[in-house]
Amino acid sequence: MKFIRNALVGTTALCAATAVSAADLEVTHWWTSGGEAAAVAEFAAALEGNTDHKWVDGAIAGSGGTARPIIISRIIGGDPMHATQLNHGRQAEELIEAGLMLDLSDVAAAEGWADIVNPTSLLDSCTVDGKIFCAPVNIHSWQWIWLSHKAFADAGTDVPSNWDEFVAAAPALEAAGKIPLAMGQQAWQSNGAFGVMAIAIAGLDAWSQVTIEKNAETAAGPEYAKVFEAAANARAFAANSNVQDWNQATNLVITGQAGAQIMGDWAQGEFQVANQVAGEDYTCLPGLGVNEIISTGGDAFYFPKQDDPEIEAAQKELAALLLSPEVQVNFNLKKGSLPVRGDVNLEAANDCMQKGLEILATGAILPDGNQTLSPDTQGQIEDLMVEFWNDPSYSAADAQERYAAIIAEAD
Ligand code: GAL
């Protein structure tokens, strides 16, 4: 508890000018799966256990793609919540530029975020014109495939150690009545899986040229042709994955109905809630077992401006609390994500999280698409992916041509 007291001492100093009276803070987020709910409960418990403020939970069911328009329209429409989850990156760019979001630079300075947050790119994603507008709370990497030991045992084949071995095992999974690849029918899921395949199959250099430099020639080139061919294969592997939400697809792997799922490490939280043990019940392969890297996606909390100094003081107390060591450990262990600070003890983390921490320590990290592409470009790519993944007649070549055209106009 002493960690939190230290954190709060910092912010109490900040709030000296304004008596910090109890406030009901409405917090919006899209964490509604079992693992996500367990994790966000740690934030709520920390706020109510260490301040006089109340956490009014504003969970929005569905994916980020459902929740973000609701969150953004409330802020623009003059009915702002007091705090909200968004992804690291550019999702709040226009809200910040419109002057609607609270500047947290004084909290960041008092808490030493510049020295604490690792990698510093997470804080860079919160910074606009030299001011800090969000509190990064975790690192989630998309770069994982989750493999069901039961499904491969039932199919009489070994658990793969990389993407090619998975492709080779798919027919045995199908023969055993398994869904080779679990995939929820939402654009962000097929788009996310495509991004993971791009890094593993096109390679880091080609991926960086396309996703960071927005090089349309590379997007139209031979490396990405291989990615689209592999994605067409994966589409066939996921043909019978008739679920919507990502955690329903994860459940297909947890129950052994599906062999694998390409999904971010928030899937970890579902395996934990199901009491499954990494290395015994399931295997996680970073970078599809091809490139051991992690991408620095994840979540940050933003605080829409309120016309009330007491609420603002409470918002700043919450921002500081989210990065305090004890809250970082308690939240991330439940969320399956990595903490944004390197000075915390995650010995309790399971094998998969430990793999992620080891990769993070080597510096083998890449930005997440949300950090490099605008929400508009991301949306266009998601639209392409949902059409391609749902239409077996949509050829890999045609999809690649449209993808390259989107990258050519990407901002
Ligand atoms: C991501 C978010 C994660 C995870 C996932 C599925 O955008 O960063 O925290 O919860 O959505 O809901």
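The values are calculated or read from the model by the stated rules, or taken from the named source; none is laboratory data. Just so it is clear, the structure is predicted and the values come from calculations on it, not from any experiment. Ideal geometry is used to build each Cβ from the backbone, glycine not excepted, and the neighbour counts take in all protein chains shown. With ligands, DNA and RNA removed, areas are computed over all heavy atoms of the protein, side chains included. Shrake-Rupley method; radii C 1.70, N 1.55, O 1.52, S 1.80 Å.
Quick notes
- Separation of alpha-carbon centers, segment 354-409 and segment 245-312, rounded to whole Å: 18
- Averaged over its residues, the chain has an accessible area of 38 Å² per residue, based on protein heavy atoms and a 1.4 Å probe.
- Gyration tensor (alpha-carbon) shape descriptor, segment 219-305, a/c threshold 1.5: oblate
- Simple point charges give the picture: +1 on the Cβ of Lys and Arg, -1 on the Cβ of Asp and Glu, and for the chain a dipole about the Cα centre of about 560 debye.
- Cα-only Debye scattering, the chain: base-10 log of I(q)/I(0) at q = 0.07, 0.12, 0.15 Å⁻¹: -0.32, -0.93, -1.39
- Gaussian network model of the chain, Cα within-10 Å springs - most flexible of G287, G177, G256: G177
- Taking a straight line from the alpha carbon of K355, these lysines sit under 26 Å away, with near neighbours fewer than eight places off in the same chain left out: K150, K334, K335.
- Shape of segment 185-332, Cα gyration tensor, a/c cut at 1.5: oblate
- Averaging Cα coordinates gives a centre for segment 164-236 and one for segment 113-142; these two points are 29 Å apart.
- Taking only Cα atoms of segment 186-227, radius of gyration then Dmax in Å: 9.9, 28
- Cα gyration tensor category, rounded, prolate or oblate, for segment 276-411 with a/c compared to 1.5: oblate
- Expressed as a whole percent, the accessible surface of the chain that belongs to carbon and sulfur atoms is 49, based on a 1.4 Å probe.
- 0 to 90° range, to nearest 10: angle between helix 222-237 axis and the chain longest Cα axis: 80
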